[in-house]
1. Of everything in region 48-58, what is at negative phi and not in a helix (DSSP H, G or I)? Give them in sequence order.
2. Residue check: is LEU52 over 19 Å from VAL106 (Cα atoms) and in contact (Cβ under 8 Å) with a residue 12 or more places away in the chain?
3. Could you look through region 5-51, keep only residues that are in contact with a strand residue (DSSP E or B) (Cβ under 6 Å, 6 or more places away or on another chain) and of a type in the set (Gly, Ala, Ser), and pick out the one that is nearest to GLU63 (Cα to Cα)?
4. Collect the residues in region 81-107 that are surrounded by 15 or more Cβ atoms within 10 Å (Cβ to Cβ) and outside any strand (DSSP E or B), keeping them in residue-number order.
5. Scanning region 22-73 for residues that are aliphatic (A, V, I, L, M) and touching an Asp or Glu at 6+ places or on another chain (Cβ under 7 Å), which turns out surrounded by the most Cβ atoms within 10 Å (Cβ to Cβ)?
Amino acid sequence: MSKITKFDYEHLVQESLRSVVRSALLQVAKNGLPGNHHFYISFRTDYPGVDLPDYLLEQYPEEITIVLQYEFWDLEVEDDCFYVTLCFNDIHERLTIPLPSIVSFVDPSVKFGLQFSPTIHEKVIPEKLPVRAKTHGKSKKANSQQPMTESVQDGSNVVALDAFRKK
């Protein structure tokens, strides 16, 4: 048993808040999205364990934002990652997204959001994630019609909640 020399509170808080994201995704996987709820999830595409089609990785080499609202399928949530099928230019693609790769999670319907900053110790390659059925169609180059947008990360280590609180 190793001795802890000090607590890494930032890491502990980040992991706790990621469990909020995981819990919300678990509820959606079980019951669907209630009411007007929908999620914008930004994540690092270069994080170990992220699985995206090559054409999306070329287009978004560092970060991408996906939307879980009307058209998503087969959402599965595990301890350290989630899987979801999304449609890109009429092609269904299966994505694997490790929870530590998430840099922001927003539910604009209730003005709630979390911002994360992956740290060096979080970028350690996780154990090999199980591979799910990847695509329902053949991958092809994306055209100019994009179902997602890139998000901007300011590099801070602060979990920003104030912008989403009701005043």
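Quick note: the coordinates plus some simple rules give every number you see, no bench work behind them. The model shown is predicted, which means the values in this text are computed figures rather than measured ones. Cβ atoms come from the backbone with ideal geometry, glycine included; neighbour counts cover every protein chain shown.
1. So the first thing to find is which residues in region 48-58 are at negative phi, and the list is 48, 50-58.
Result: PRO48, VAL50, ASP51, LEU52, PRO53.
2. Values: over 19 Å from VAL106 (Cα atoms): yes; in contact (Cβ under 8 Å) with a residue 12 or more places away in the chain: yes.
So LEU52 fits the description; yes.
3. Out of the qualifying residues, it is SER42.
4. ASN89, LEU99, PRO100, SER101, listed by residue number.
5. Narrowing region 22-73 to residues aliphatic (A, V, I, L, M): 24-26, 28-29, 33, 41, 50, 52, 56-57, 64, 66-68.
Still in the list and also touching an Asp or Glu at 6+ places or on another chain (Cβ under 7 Å): 29, 64.
On the way: ALA29: 15, ILE64: 22.
Only one residue fits best here, namely ILE64.
Yes/no matrix, rows are residues, columns are (1) under 12 Å from the mean Cα position of the chain (by Cα); (2) of a type outside the set (D, E, K, R); (3) part of a loop (DSSP other than H, G, I, E, B):
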{"site": "THR5", "(1), (2), (3)": "no, yes, yes"}
{"site": "GLN14", "(1), (2), (3)": "no, yes, no"}
{"site": "VAL20", "(1), (2), (3)": "no, yes, no"}
{"site": "SER23", "(1), (2), (3)": "no, yes, no"}
{"site": "LEU26", "(1), (2), (3)": "no, yes, no"}
{"site": "HIS37", "(1), (2), (3)": "no, yes, yes"}
{"site": "TYR40", "(1), (2), (3)": "yes, yes, no"}
{"site": "ASP46", "(1), (2), (3)": "no, no, yes"}
